[in-house]
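Peer 1: Quick one: structure below, then a few questions.
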Amino acid sequence: MLDTLIADIAARMATAPDRGQVARYIPELAKVSPAHFGIAVVTADGREHVAGDADLSFSIQSVSKVFALVEALQAHGERVWQRVGREPSGSAFNSIIQLELEQGRPRNPFINAGAIAVTDLIAEGNEPREGIGAILRLVRSLAGDDTINVDGAVAYSEAATGFRNAALANYMRSFGMIAGPVETTLQVYFHQCAIAMSCRQLARAGRFLMHAGRCPTSGKPIVSPERARRIAALMLTCGHYDASGEFAFEVGLPAKSGVGGGILAIAPGRASIAVWSPGLSPQGNSLLGTKALEELSRAMGWNVFNPPPAC
Ligand code: GLN
């Protein structure tokens, strides 16, 4: 049933005429063809269901903000919340406007300013390569795959054009909200965004969130059940920026998008899902990826307001 469903969805998405706009502000991402569509679903029993370009690597971009948040929470605990809030911003992912009004403390860890503040905690006192290494090690262990790596060309491309992110970081530094050095923090941030993964790898990396924070293979906690719940709450309310309400309305799953066109969505107790299609909506979320998740969640009855029978 699930295999047929996602094969149908992938076939429809492959020929959809309206595919959105590929991100252009990072030159390396502008080169990616909007023709791609991939989907991978890992269900609670560990089975993997894939269709389309599920094994092609793409730039995970802001999906990495979930992993950076896990890494920062593991290393610094509740201190993270002194740096970032837990409220939806209602503005664009790279907006600067709220920062002045709110004394340099970003609304949440998933807008760029908030993610840079989280990454600053990881980068603190380290060389850039150590901070990047910490995030990469976490992602590899969550996915059970040591081949996952940073796409150096994408990281370089973003560093060369990341003026807005530099502005956000410097502005937060002026409020003492990040410790800096700004250059180090930005290097780690650009590299974490440039991690390349396939849908299959990304869905595997999200398994711990479907299992209330536990590693699916060892059963050991990666984060506590409470932390897993809180991360999922932030994904639901903030994971799609100023389209988070619409995503919750249509899909009803905690999810995080990235401007590479990937989305990681979690159906708690049921599935970890990754979709990829590079064309974006005006808010910077994958257009067909979102459509595919709408169709999948509706057909399967997977949404957080419709819990699994066992719960
Ligand atoms: N690396 C991108 C940026 O900082 C991430 C944005 C995104 O995926 N929404 O602009």
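Peer 1: Note down all Cβ pairs under 7 Å where the first residue falls in segment 82-97 and is more than 17 Å from C193 (Cβ to Cβ) and touching a residue at least 60 places away in the same chain (Cβ under 8 Å), the second is small (G, A, S) and outside any loop (DSSP other than H, G, I, E, B), and they're at least six residues apart or on different chains.
Peer 2: R83/A117; P88/S244; I96/A167
Peer 1: If a residue has to be within 12 Å of the ligand (Cβ to nearest atom) and part of a helix (DSSP H, G or I) to count, how many in segment 236-255 make the cut?
Peer 2: 4
Peer 1: Enumerate the pairs (first residue in segment 50-69 and within 27 Å of D3 (Cβ to Cβ); second residue anywhere and among the basic types (K, R) and more than 14 Å from the ligand (Cβ to nearest atom)) with beta-carbon separation below 7 Å, excluding pairs fewer than 6 apart on the same chain, so at least 6 apart or on different chains.
Peer 2: Close Cβ pairs (under 7 Å, with a partner that is among the basic types (K, R) and more than 14 Å from the ligand (Cβ to nearest atom)) amount to V50/R200; A54/R200; D55/R200.
Peer 1: Another one. Scan segment 64-115 for residues that are more than 25 Å from R214 (Cα to Cα) and charged (D, E, K, R) and jot them down.
Peer 2: R83, E87, E100, E102, R105, R107
Peer 1: Among the residues of segment 15-33, write down those that are of a type outside the set (D, E) and touching a Leu at 6+ places or on another chain (Cβ under 9 Å).
Peer 2: Once the filter is applied, which keeps residues that are of a type outside the set (D, E) and touching a Leu at 6+ places or on another chain (Cβ under 9 Å), segment 15-33 yields A16, R19, G20, Q21, V22, A23.
Peer 1: Helices (runs of 4 or more DSSP H) wholly in segment 169-226 with at least 1 residues that are buried (at least 23 other Cβ atoms within 10 Å of the Cβ) and more than 16 Å from the ligand (Cβ to nearest atom) - which ones?
Peer 2: Of the helices (runs of 4 or more DSSP H) lying wholly inside segment 169-226, those with at least 1 residues that are buried (at least 23 other Cβ atoms within 10 Å of the Cβ) and more than 16 Å from the ligand (Cβ to nearest atom) span 199-205, 207-210.
Peer 1: I'm told R129 meets every condition in (1) away from the ligand (no atom under 13 Å from the Cβ); (2) part of a helix (DSSP H, G or I); (3) within 17 Å of the chain's Cα centre (by Cα) except one. Can you identify the failing condition by its number?
Peer 2: (3) is the only condition that R129 fails.
Peer 1: Can you find a residue in segment 54-71 that is surrounded by fewer than 17 Cβ atoms within 10 Å (Cβ to Cβ) and of a type outside the set (A, V, I, L, M, F, W, C)?
Peer 2: yes
Peer 1: Every residue in segment 116-147 that is of a type in the set (G, A, S) and over 21 Å from F208 (Cα atoms), please.
Peer 2: Answer for segment 116-147, where residues must be of a type in the set (G, A, S) and over 21 Å from F208 (Cα atoms): A117, A123, G125, G131.
Peer 1: Among the residues of segment 106-121, how many are within 11 Å of the ligand (Cβ to nearest atom) and more than 11 Å from L168 (Cβ to Cβ)?
Peer 2: 2
Peer 1: Would you check if there is a residue in segment 11-18 being touching a residue at least 24 places away in the same chain (Cβ under 8 Å) and within 16 Å of the ligand (Cβ to nearest atom)?
Peer 2: No, every residue in segment 11-18 fails to be touching a residue at least 24 places away in the same chain (Cβ under 8 Å) and within 16 Å of the ligand (Cβ to nearest atom).
None of the figures in this text is laboratory data; all of them are computed from the coordinates on show. What you see is a predicted model, and the numbers here were worked out from it, not measured in a lab. Neighbour counts run over all protein chains shown; Cβ positions are idealised from the backbone, glycine included.
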